[in-house]
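Trainee: Handing you this structure, nothing more for now.
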Amino acid sequence: MNLIEQLPALPIITPLLLAPITILLPKGKISWLYATAISWLIFFFCAMLLHQVYMHGPISYFLGNWAPPLGIEYRVDLANALLLFLISAIGALVFPYSYASIMAEIDERQTPFFYAALLLCMTGLLGVTITGDAFNVFVFLEISSLSTYALVALGARQDRRALTAAFNYLVMGTIGATFFVIGLGLLYQATGTLNMADMQGKLVGLDNRMVQSGFAFIFVGMGLKLAMFPLHLWLPNAYAYAPSSVTAFLAATATKVALYVLIRFFYSIFHAANGIDIGSLFATLQYVVMPVAVIGMFVASLVAVFQDDVKRMLAYSSVAQIGYMLLGLSLGSEAGLSATMVHMFNHALMKGALFMAVGCVVFRLGGHRISHFTGLARRMPWTAGAFIISGLSLVGVPLTVGFVSKWMLLQATFEVGQWIPSFLIVASSLIAVVYVGRIIEIMLRSPDPDNPLPSVKEAPLLMLVPMWILVIANVYLGLQTDLTVDIAKGAAEAFDLVVRGAR
Amino acid sequence: MLQFILERYNYWIVIILMMTGLYIVFSRGNLVKKIIGLNIFQTSVFIFYITIGKVAGGTAPILPADHDKGGHDEGGHDGEEYGEEGHSEEGHSEEGHSEGSISEAGGHETDAHETGAHETNAHETGGHSSPPTTSESHTANDANAFNLEGKLDNSLHDKVANVSNNVSNSDIKDALIDLKTIKVPDSAILQDPSLNDESLHVVGSNLSGKISNDELTQITKNVDKDGLSEGSNAAHGLAIELENGTKALASELASKTDPLHTGGHTGGHTGEQTSGVHESSLSAGHQTGETVGELIYSNPLPHVLILTAIVVGVATTAVGLALAVRIREAYGTLEEDELEAADDIAEFGQKGSYEGAEDLAKEAKAANKISTHKPQAGTSQTGTPQSGSIS
């Protein structure tokens, strides 16, 4: 048995089998070391996968060697290889980061459970991304969601509102997942298959009310999971009250994965790219997704300005950023799709770094209100520096990744002649200047000579290093744009490729 | 109209349950009631999936012990086993498609009540099952496989053509016996180690695809054209005969390629294809009011899916209830407005006193009732919009 041949299964099988063992390990350091080692192993697998796909093209892996229409297929093309790499990379950074942060934020006895849940959450997200079987998406989505509910609720030691946030997330998430299953059932009834590529082939020329309603159910279900603007209500509270490292992980990965599923269904299954309009896809893109995206990025940005809580502010900003991604998706062009892919990747880098910076503040100062950030540039220079750089990236200042993705998005909107959205992209970026600038201004404020703030130690190295890796990635990939843009363009093409790889 | 509603009563149940569940989730303030609503909502989906899996007259996809015994012994026991495998696989693709075709459009559905149903049905099955077969044949690049395929293909084609010609003379039996005598070319090809799983698989499915899709529909048509009163009967018999013939062929293939362990695949697929035709004639048999000794299986796949969904539902409920317990511990209440009021007090008043939460909640509730429209002293100081404000 060649290990390379089994590579697509490894990132899923490994954590799925090894995560439960975490619970049996002693609390604290040992379980942390164990979980971190697993996360690095998965990162290694995913990096190998990305390399393989980049070099040799898409990989199709038959689980248990059952051929696709009947068996379950794992299909790795450039699009999901990129996302797999992203998830596992964020995971590999969050696990080392979380040791100190989690020790401070949750009960020490709960740490093994925490690491097990985080590993399972990661497994679920990876599984959703890698699979080529539509029902598998649901199963993995629920694996990740269930562990996420538990993870969010663990923030209760800091703030009991985490419990209600987790409960609301559970209700909304379950409704979303169930809608997704209903949609799948309708599609299965229409096509008799669950394999994505197979389904795509069978849907051609099959545009009736059943397919349309299936499409609508999947769209709304995934919209709930990815916090599309009017369906985002679970997100701000869940992100604000979850433990810091959980927020950093979720903000960087969870919504991206749901968005990926939506793209996969839109472009690989309903197949807008080749000009076949199944399930009234074009109309949906133009008259539903685009307005929702634009309103979302505008309203959520505005709400973010008035937040008193930095974590909550960043959560609203996440909703706005999802608006950007949906906008790129709604353009229905390859340029728009690659802009979405780039922004998915870049947003993970900046939001990961920002939430980690907030986590450092929570670790030293015990809170994430805006007042805790006063004079931070002097008190915790490294943390403040990371926050400023990734905050600028969030705004879209040149030389950072945020600029690259906004630039691509603008280009994509110009390409299809959508002037209003392109104007609104710029306008909402200006709002981002306001809310990020507010925090930066407070951090840089010189100390009051009459009432000096007590000096605080800088966050521990174990938290600073992962955070700064993300920050450096923010800047490096903002300068070396070719790398991400190339892969994302290939990824956008990969959605086409599934279509053209005619089964 | 009434007919329309009554025929789809399970869908109506699904819709009613779904709406009831969602309504409870949205309208009830009690967290446990919300979870109950969520459960009802999920149950509607279970029923929906079970409805998908239902096949008219179908039984559970389990093999009865005495099924299909004592029939034609040419195939031997192996053949029967492999054929059976195909049978159970039939549920997978065949029934999924037939379900699809039923709901696709009104047209096909009503066909079942007409005399021409026979033909359309056969077409239906043929058309639906062909895509995977033909595409698989494209992937075959093994020269040997093609070789073997060609040989088998030709002989089969001849015989089957024979059959379809003879049908008009009502000489079905002879033709079928003819068909059964097809010999698998016993040559080194089969022992060739380069013939791997895949290629044989392709050969098998190819063969069966060709027989079942083209020739069999032809045969069925011919039988129909004869206008015999037992037309469907004949077709049914023919299908059984053919199936057994293919089984025999499959088993022969299997026995020859035993060291490669590929018999199962080949046989399975051949059986699958034939049984598709078989099923179509079977439904024809139903029309003329005949009792048929064969079994139709309901589609097992939706049931498997829904088992998974049930597990997910149970897990979700468990997590939800666990959260409800923790919320009650922390807040002392499970009512949503009391929770919100308690949070407001915690945020703007005395922060996070766990013990006094219950009293706080009551106070807050009272305060809320008195001053619903007055701006609360606390909220004005920061002006923080809660998540609700932008929805």
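Trainee: B plus A alone minus the pair: what accessible area, both sides summed, probe 1.4 Å, in Å² to 100?
Mentor: Details: alone 21260 and 18430 Å², together 34880 Å².
Buried area (both sides, nearest 100 Å²): 4800 Å².
Trainee: How would the range A:117-230 be classified by its alpha-carbon gyration tensor: rounded, prolate or oblate, with rounded meaning a/c under 1.5 and the a/b versus b/c comparison settling the rest?
Mentor: Prolate is the answer for the range A:117-230, as a/c is 1.5 or above and a/b outweighs b/c.
Trainee: Follow-up question, since we're still on this one. Given the protein chains as shown and a 1.4 Å probe, how many square angstrom of residue A:265 are accessible, to the nearest 10?
Mentor: Surface open to solvent at residue A:265 totals about 0 Å².
Trainee: So for A:368, A:347, A:51, B:303, what's the accessible-area order with a 1.4 Å probe, most first?
Mentor: Order by accessible area, largest first: A:51, B:303, A:368, A:347.
Trainee: Okay, moving on. Using 0.36 nm times the number of residues separating residue A:9 and residue A:157, minus their current alpha carbon distance, what extension gain do you get?
Mentor: Working: separation 148, 0.36 × 148 = 53.28 nm, distance 3.67 nm.
Taking 0.36 nm per residue and subtracting the Cα distance, the gain is 49.6 nm.
Trainee: Restricted to Cα positions, what overall size does chain A have along the principal axes? Three whole-Å values, descending.
Mentor: 75, 55, 42
Trainee: Please compute the length gained on full extension between residue A:370 and residue A:47, using 0.36 nm multiplied by the number of residues separating them and subtracting their Cα-Cα distance.
Mentor: Extra length from residue A:370 to residue A:47 when fully extended: 112.5 nm.
Trainee: Starting from the Kirkwood radius over alpha-carbon pairs of the range A:392-466, derive D by Stokes-Einstein at 10 °C in a medium of 1.306 mPa s and give it in µm² s⁻¹.
Mentor: In µm²/s, the coefficient rounds to 103.
Trainee: Using a 1.4 Å probe and ignoring any ligands, DNA or RNA, find the accessible area of residue B:297 and quote it in Å² to the nearest 10.
Mentor: Roughly 10 Å² of residue B:297 is accessible to a 1.4 Å probe.
Trainee: Can I ask one more? My understanding is that a pair violates if its Cα-Cα distance is over 21 Å; which of A:225/A:351; A:27/A:225; A:29/A:256; A:256/A:351 do that in this structure?
Mentor: In this structure, A:27/A:225; A:29/A:256 lie more than 21 Å apart at Cα.
Trainee: Would you mind getting me the FRET efficiency between residue A:481 and residue A:24? Use the beta-carbon distance for r and R0 = 41 Å, nearest 0.05.
Mentor: Computed FRET efficiency for residue A:481 and residue A:24: 0.35.
Trainee: Where does each of B:328, A:438 land when they are ordered by accessible area, with a 1.4 Å probe and the largest first?
Mentor: B:328, A:438
Trainee: Determine the sum of side-chain charges near residue A:365: Lys and Arg each +1, Asp and Glu each -1, restricted to other residues whose C-beta is under 11 angstrom from that of residue A:365.
Mentor: +4
Trainee: Just check the range B:2-53 against the gyration tensor rule for me: Cα atoms, a ≥ b ≥ c as the square roots of the eigenvalues, rounded for a/c under 1.5, and otherwise prolate or oblate depending on whether a/b exceeds b/c.
Mentor: Note, shape of the range B:2-53 comes out oblate.
Trainee: What is the helix-to-structure angle for A:419-444, meaning the angle in degrees between its Cα long axis and the longest Cα principal axis of chain A, kept from 0 to 90 and rounded to the nearest 10?
Mentor: 30 degrees
Trainee: Which distance in Å, rounded to a whole number, links the C-alpha centroids of the range A:1-38 and the range A:84-108?
Mentor: 15 Å
Trainee: Just to verify a number: what accessible area does residue A:382 come out at with the full protein assembly present, 1.4 Å probe, Å² rounded to tens?
Mentor: 150 Å²
Trainee: Can you give the charge dipole size of chain A about its Cα centre, rounded to the nearest 20 debye, using +1 on the beta carbon of Lys and Arg and -1 on the beta carbon of Asp and Glu?
Mentor: Working: 26 positive and 24 negative charges, 185 e Å.
Roughly 900 debye, rounded to the nearest 20.
Trainee: Looking at the square roots a ≥ b ≥ c of the eigenvalues of the Cα gyration tensor of the range A:332-434, which shape do they give, rounded for a/c under 1.5, prolate if a/b is larger than b/c, or oblate?
Mentor: Since a/c reaches 1.5 and a/b is larger than b/c, the shape of the range A:332-434 is classed as prolate.
The values are calculated or read from the model by the stated rules, or taken from the named source; none is laboratory data. Here the structure is a predicted model, which is why all the values come from computation and not from measurement. We place every Cβ from the backbone using ideal geometry, glycine too, and count neighbours over all the protein chains shown. Note: areas computed on protein heavy atoms with side chains; ligands, DNA, RNA excluded. Shrake-Rupley method; radii C 1.70, N 1.55, O 1.52, S 1.80 Å.
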